[in-house]
Amino acid sequence: MADAETDSLTAEQQACLALWAVPGLGPRTLVALRAFADGRLAPLASTPVRDWVSDAPVSPQVRQRLAAVAGLPAVAERLLELCRTSGTRVAFSDERAYPERLRDVEDAPPLLFFRGQPGPPRRRVAMVGSRRPDQGFLPFARSLARQVAEGGVGVVSGAAAGVDRACHWGALDAGGETWAFLGSALDALDPAQARLLPHFLERGGVFFSELPPGVRASTTTFPRRNRLISGASDAVLVVRAGAESGSLYTARAGRAQGRPVLAMPGDVRQEGAAGCNALLREGHASACLDVKDVWRAVGVDPGWMVAPGREDCWARLSAEARGAYAVLDRIPRTFDEVLAGSTLTPAALVSALVELEMTGLVLQHPGRLYEKL
């Protein structure tokens with residue numbers, strides 16, 4: 001559940017949480033286990049592990065780890081207790097706290113651990129870059145992120161030193177939304193991330209991780225988390241990257257996920273810009289010259305976006321507006337198409353759409369075409 005302080009997990013959620021914490025068990029294996037259990041994980045939670053583990057479609061290493069477990073509910077409860085201790089909550093993929101765009105990613109995790117309060121639906125851009133860019137670049141990166149956030153666009157990054165952290169601060173400067181996806185569990189932060197977290201929590205930011213409590217960062221966890229940064233975003237901007245920068249993994253993941261990828265060109269004499277320049281030269285990214293290119297890439301008009309400081313607008317929406325929003329898509333739909341997909345009367349739908357437009361969650365195009373933002 002989005003609130004890990006409760007004990008109201010369903011059997012399906014208990015099984016999912018417990019299995020996700022098994023080292024070596026990833027999204028594809030979880031899909032195979034669900035098929036093995038006739039489409040639901042719940043039967044695995046209600047049966048002792050020893051009764052099904054020998055036939056489970058898992059690797060020998062995972063089978064050995066599972067064999068040491070008596071039952072999945074106890075594992076889930078231990079994980080929840082660790083979450084309570086660190087102030088962490090759990091968002092399953094069908095819950096609102098789980099990033100909407102990430103659900104579309106092929107190998108998305110079935111759940112995320114998070115700290116903070118995810119805001120209303122909005123367009124978001126991944127802003128990533130080198131840990132050690134050329135001297136004097138970080139203030140520029142921070143200023144650019146501030147401009148992005150002032151337009152109502154969320155900033156997603158990885159909380160790493162250098163450009164990532166500067167972009168988070170820029171969004172916070174504007175009172176905007178920023179998300180950080182980490183390469184460690186949320187109770188295993190490095191000292192710099194631990195110092196950053198209170199500022200996030202005080203000013204509306206969110207820390208996310210797919211890793212269960214106790215897992216420390218490693219050379220394998222960082223490339224994996226990069227797919228989450230791009231997957232949770234509508235576009236990827238590589239702000240500054242050298243030829244070997246880890247930010248290029250995020251750009252690669254973004255291309256594979258169908259996200260627009262942008263890169264800021266740099267002086268060819270600067271090694272720190274070599275990665276960005278290579279993306280542009282090879283046709284793997286479009287050039288970003290100012291904030292307008294970012295807004296264009298995520299498909300927004302800043303005048304229609306949810307302004308910074310209005311993150312509670314979703315909680316104030318009527319049930320009719322929420323229902324209409326669930327029917328809408330990132331592709332404009334006619335009034336009649338929205339009506340056909342909803343349970344609202346025409347008059348109620350008109351009122352709901354006006355409410356969504358007024359809160360900046362929906363844009364009306366000419367011809368009564370409606371698009372979720």
Counted residues, region 33-61 - those being loosely packed, with under 12 Cβ neighbours inside 10 Å, under 31 Å from the mean Cα position of the chain (by Cα) and part of a helix (DSSP H, G or I): 1
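From the list Asp55, Asp38, Asp94, Asp51, which one is of a type in the set (Asp, Glu) and closer than 30 Å to Ile331 by Cα?
Being of a type in the set (Asp, Glu) and closer than 30 Å to Ile331 by Cα holds for just one of Asp55, Asp38, Asp94, Asp51, which is Asp94.
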Looking at (1) out of contact with any Asp or Glu (no Cβ under 9 Å at 6 or more places or on another chain); (2) buried (at least 17 other Cβ atoms within 10 Å of the Cβ); (3) in a loop (DSSP other than H, G, I, E, B); (4) at pLDDT 95 or above, which one does Leu79 not meet, given that it meets all the others? (3)
Among (1) over 30 Å from Pro260 (Cα atoms); (2) in contact with a Lys or Arg (Cβ under 7 Å, 6 or more places away or on another chain), which single condition is Ser93 missing? (1)
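Report yes if Leu211 is buried (at least 19 other Cβ atoms within 10 Å of the Cβ) and either under 21 Å from the mean Cα position of the chain (by Cα) or under 24 Å from Arg115 (Cα atoms) (or both), otherwise no.
yes
Which one is surrounded by the fewest Cβ atoms within 10 Å (Cβ to Cβ) among residues in region 88-99 that are in contact with a helix residue (DSSP H, G or I) (Cβ under 9 Å, 6 or more places away or on another chain) and assigned to a loop (DSSP other than H, G, I, E, B)?
Once the filter is applied, the top-ranked residue is Asp94.
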When every residue in region 269-318 that is at pLDDT below 85 and in a helix (DSSP H, G or I) is compared, the one least open to solvent (accessible area, probe 1.4 Å) is Cys313
Output for region 62-76, where each listed residue is open to solvent by 60 Å² or more (accessible area, probe 1.4 Å) and either of a type in the set (A, V, I, L, M, F, W, C) or touching a Cys at 6+ places or on another chain (Cβ under 6 Å) (or both): Ala67, Ala68, Ala70
So how many residues does region 235-246 have that are under 25 Å from Arg103 (Cα atoms) and open to solvent by 10 Å² or more (accessible area, probe 1.4 Å)? 1
Tabulated pairs, region 336-354, first more than 13 Å from Gly323 (Cβ to Cβ), second open to solvent by less than 70 Å² (accessible area, probe 1.4 Å) and of a type outside the set (Gly, Ala, Ser), C-beta under 7 angstrom, 6+ apart or interchain: Pro346/Leu339
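Could you tell me whether Leu349 is over 23 Å from Gly152 (Cβ atoms), open to solvent by 40 Å² or more (accessible area, probe 1.4 Å) and of a type in the set (A, V, I, L, M)?
Considered against the rule, which asks whether it is over 23 Å from Gly152 (Cβ atoms), open to solvent by 40 Å² or more (accessible area, probe 1.4 Å) and of a type in the set (A, V, I, L, M), Leu349 comes out as no.
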Condition first: surrounded by 15 or more Cβ atoms within 10 Å (Cβ to Cβ), at pLDDT 95 or above, part of a helix (DSSP H, G or I) and in contact with a helix residue (DSSP H, G or I) (Cβ under 7 Å, 6 or more places away or on another chain). Can you find one or more residues in region 100-111 that meet it? yes
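Scanning for something within 21 Å of Glu95 (Cβ to Cβ) and either open to solvent by 50 Å² or more (accessible area, probe 1.4 Å) or under 26 Å from the mean Cα position of the chain (by Cα) (or both), does region 330-337 turn up at least one residue?
Yes, region 330-337 contains a residue that is within 21 Å of Glu95 (Cβ to Cβ) and either open to solvent by 50 Å² or more (accessible area, probe 1.4 Å) or under 26 Å from the mean Cα position of the chain (by Cα) (or both).
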Among (1) open to solvent by 20 Å² or more (accessible area, probe 1.4 Å); (2) at pLDDT below 95, where does Gly176 come up short? (1)
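The values are calculated or read from the model by the stated rules, or taken from the named source; none is laboratory data. Keep in mind it's a predicted model, so treat the numbers as computed, not measured. Note that each Cβ is placed from the backbone with ideal geometry, even for glycine, and that neighbours are counted across all protein chains shown. Side chains are part of the model used for accessible areas, which takes the heavy atoms of the whole protein and leaves out ligands, DNA and RNA. Shrake-Rupley method; radii C 1.70, N 1.55, O 1.52, S 1.80 Å.
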